[in-house]
Amino acid sequence: MKAAIISQGSISSQMVAEAMRKYFDVDTIDLRNIEVRLGKESGIFYQGKEFPLYDCIYLKGSFRYANLLRSIATLLENKIPYMPLSINSFTIVHNKLLTHLTLQQHNIPMPRTYVTSTIDAAKLLLKKVRFPIVMKFPEGTQGKGVMFADSFSSASSMLDALGALKQPFIVQEYIETSGTDIRALVVGEKVVAAMRRKAQKEEKRANIHAGGIGTAIQLDRAAEKIAIDTARALGADVCGVDILESALGPLVIEANISPGLQGLSKVCAGIDIPDQIARFFNEKTNEKITQQKKEAAAEVLKDLSVEKRPHQEVVTQLHFRADRILLPELVTKVAKFNDRKDYILRIQKGKVEIEELK
């Protein structure tokens, strides 16, 4: 089987590509050299040449490439047996607001989250919320674009700065966890690895990229279920899910469909995370190819049994509605009558022939 990883060439992507070589013939493709053409000459081109087809394609990249990733996935849909990430996931997960809306629709617990249309509306909201609060830009990864405010005055100053940037933002309640959170990596229907991250002193972001320190953990059933439900809701077979351990139970704060593997692999040294991902891709690709072959075989048999025969005979009584004859459903299916087409009827006593007008 042939597979490709389309990415920006991060170390995590290289780790997965190397693991996939146990199961696939793998090509690594630089996302930045891909061109999508729409219109009469629509298609995907890599370094100016038409993009080849594969059995499995793993598309990944940062939020800056969300629209390109979605475009590629859309044009590849129904042409590639297996892609781990759904088309919608690229626009949903790369936008925190859309992520929270999707979590809300699937009843996945998260901190109280607010969105306002203007700075003035946001300042009115600040009079109603309990401090401290978290303020986020909808786009960004690795803890970037996340700010904390412990009072109305500090939040108001941040809002003034945000107003100058003319960017939308999200206000979220702050959950006290002593600077810790959980990163769970979901692959398919299971959490393959998880760690508890602890923020450095004077830093509230626990992300490893922000200097957080990780410790391997085994999730309890509630947190594991929430992580898997989150990945499923977002349409991702590979997904990093960030969870806070609150007094009310696990709360999801973020998801990542291009998760870094270095920190998690180092912390969970006994788990070969890239191999877990590659092996799952192999299983799903085989499953999809087998399914496609069965469907193709069924279509061939259907053609042989119905369309290749000169005719089929059906013995049945005729059913009338007023003065009209109702044909049995089987007749309509076999003949493939269509109410948008015209037909010639040859009629004589005891006999009716119907032929499509060419």
(message) Consider the stretch 105-164. How many of its residues are at pLDDT 80 or above, loosely packed, with under 14 Cβ neighbours inside 10 Å and either out of contact with any helix residue (DSSP H, G or I) (no Cβ under 8 Å at 6 or more places or on another chain) or part of a strand (DSSP E or B) (or both)?
(response) 11
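One line per residue, one yes/no per condition, for (1) in contact with a Lys or Arg (Cβ under 8 Å, 6 or more places away or on another chain); (2) surrounded by fewer than 20 Cβ atoms within 10 Å (Cβ to Cβ); (3) at pLDDT 95 or above; (4) among the basic types (Lys, Arg):
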residue: 206; (1), (2), (3), (4): yes, no, no, no
residue: 213; (1), (2), (3), (4): yes, yes, no, no
residue: 251; (1), (2), (3), (4): no, no, yes, no
residue: 257; (1), (2), (3), (4): yes, no, yes, no
(message) What's the total number of residues in the stretch 227-250 that are in contact (Cβ under 8 Å) with a residue 24 or more places away in the chain and farther than 24 Å from residue 62 by Cα?
(response) 5
(request) Would you check if residue 342 is at pLDDT below 75 and of a type in the set (Asp, Glu)? (result) no
(message) Take residue 92 and tell me if it is closer than 23 Å to residue 253 by Cα and among the β-branched types (Val, Ile, Thr).
(response) yes
(message) Tell me the residue from 278, 269, 236, 231 that is of a type in the set (Gly, Ala, Ser), modelled with pLDDT of 95 or more and over 15 Å from residue 186 (Cβ atoms), please.
(response) 278
(request) Starting from residues that are in a strand (DSSP E or B) and in contact (Cβ under 8 Å) with a residue 40 or more places away in the chain, keep the ones in the stretch 34-81 and report whichever is farthest from the chain's Cα centre (by Cα). (result) 56
(message) For the stretch 307-331, give me the residue count where each residue is β-branched (Val, Ile, Thr) and modelled with pLDDT under 75.
(response) 3
(message) Testing residue 104 on (1) among the polar types (S, T, N, Q); (2) touching a strand residue (DSSP E or B) at 6+ places or on another chain (Cβ under 9 Å); (3) in contact (Cβ under 8 Å) with a residue 12 or more places away in the chain, one condition comes back false. Which one is that?
(response) (3)
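Could you please find all residues in the stretch 247-273 being more than 19 Å from the chain's Cα centre (by Cα) and within 23 Å of residue 12 (Cα to Cα)? Full working, then the answer.
Pass one, the stretch 247-273, residues more than 19 Å from the chain's Cα centre (by Cα): 247-251, 262-273.
Listed by number, the residues that qualify are 262, 263, 264, 265, 266, 267, 268, 269, 270, 271, 272, 273.
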(message) For the stretch 88-100, check the following and say yes or no: at least one residue is surrounded by 20 or more Cβ atoms within 10 Å (Cβ to Cβ), assigned to a strand (DSSP E or B) and either at pLDDT 90 or above or not hydrophobic (A, V, I, L, M, F, W, C) (or both).
(response) no
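The values are calculated or read from the model by the stated rules, or taken from the named source; none is laboratory data. Only a predicted model underlies this, so the values are computations on that prediction, with no experimental measurement involved. Quick reminder, even Gly has a Cβ in these numbers, built from the backbone with ideal geometry, and neighbours come from all protein chains shown.
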